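Read through the structure below, which is laid out as structure tokens, and then see the notes.
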Amino acid sequence: MELQKIASFTVNHLKLEPGIYVSRVDHFGDVTLTTFDLRMTAPNREPVMNTAELHTIEHLGATFLRNNKMWQDRVVYFGPMGCRTGNYMILEGDLTSKDVVPLVTEMFEFIRDFEGEIPGAAAKDCGNYLDQNLGMAKWLAKRYLDHTLYNITEDHLVYPQ
């Protein structure tokens, strides 16, 4: 069997910068799903995120999205990339990166400002509940906001060639 390279492996990661990118658009009958690449670090040029803080970002981001009155019914998935340089967010609809900048910004402000017990960080709720780092998750959220989201430009919304 000859294997074809999947779309995400065709993105030039040597040029990729932090941003919000449409990774793919899938159609299932009348339903369209858009997968977003929420790239938080420059691949192969900046350190990857440790699992503890990425796990905390996943718990807080998923909680925020599923409680957001405007978007909650369109959220399919939010979780980390295997390479630990960002997260994937899958929403129902044929959407652009610009469409979700306010949502992603609000989500990372929620993470940056979060205080208290991390939702779902208990043995009965999570398979690895001890692997959490709220302080670093908040630091990374602030960095993503300050360096990328607050002044996002077109070259951080469309994959580089």
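Values in this text are rule-based calculations from the coordinates and carry no lab data. Fair warning: this is a prediction, and the values are worked out from it, not measured in the lab. No Cβ is skipped: glycine too gets one built from the backbone with ideal geometry, and neighbour counts run over all protein chains shown.
Observations on the model:
- Sorted peptide list for 99-106, 35-42, 119-126, 145-152, criterion being average Cβ within 10 angstrom, highest first: 35-42, 99-106, 145-152, 119-126
- Counting only aspartates and glutamates at least 8 places from K69 when in the same chain, those with an alpha carbon closer than 18 Å to its own are E92, D99, E106, E109.
- Going from the residue with the fewest nearby Cβ atoms within 10 Å to the one with the most, S8, S97, S23 rank S8, S23, S97.
- Cβ crowding within 10 Å ranks H59, H27 as H27, H59, fewest other Cβ atoms first.
- Cβ-to-Cβ counts within 10 Å put L60, L130, L33 in ascending order as L130, L33, L60, the fewest first.
- Karplus 3J(HN,Hα) series, Hz, for the stretch 81-93 with 6.51 cos²θ - 1.76 cosθ + 1.60 (x for Gly, Pro): 7, x, 6, 6, 10, x, 9, 9, 10, 10, 10, 6, x
- Cut-off 13 Å between beta-carbons: net charge of the residues surrounding H27, Lys and Arg +1, Asp and Glu -1: -3
- Distant-in-sequence amide H partners of S23 (H built 1.01 Å from N, under 5 Å): T35, F36, D37
- The stretch 69-161: equivalent-ellipsoid semi-axes (sqrt of 5 x gyration tensor eigenvalues, Cα, Å): 25, 17, 14
- Among the listed pairs K5/K98; K98/K138; K15/K98, those with a Cα-Cα distance over 22 Å are K5/K98; K98/K138.
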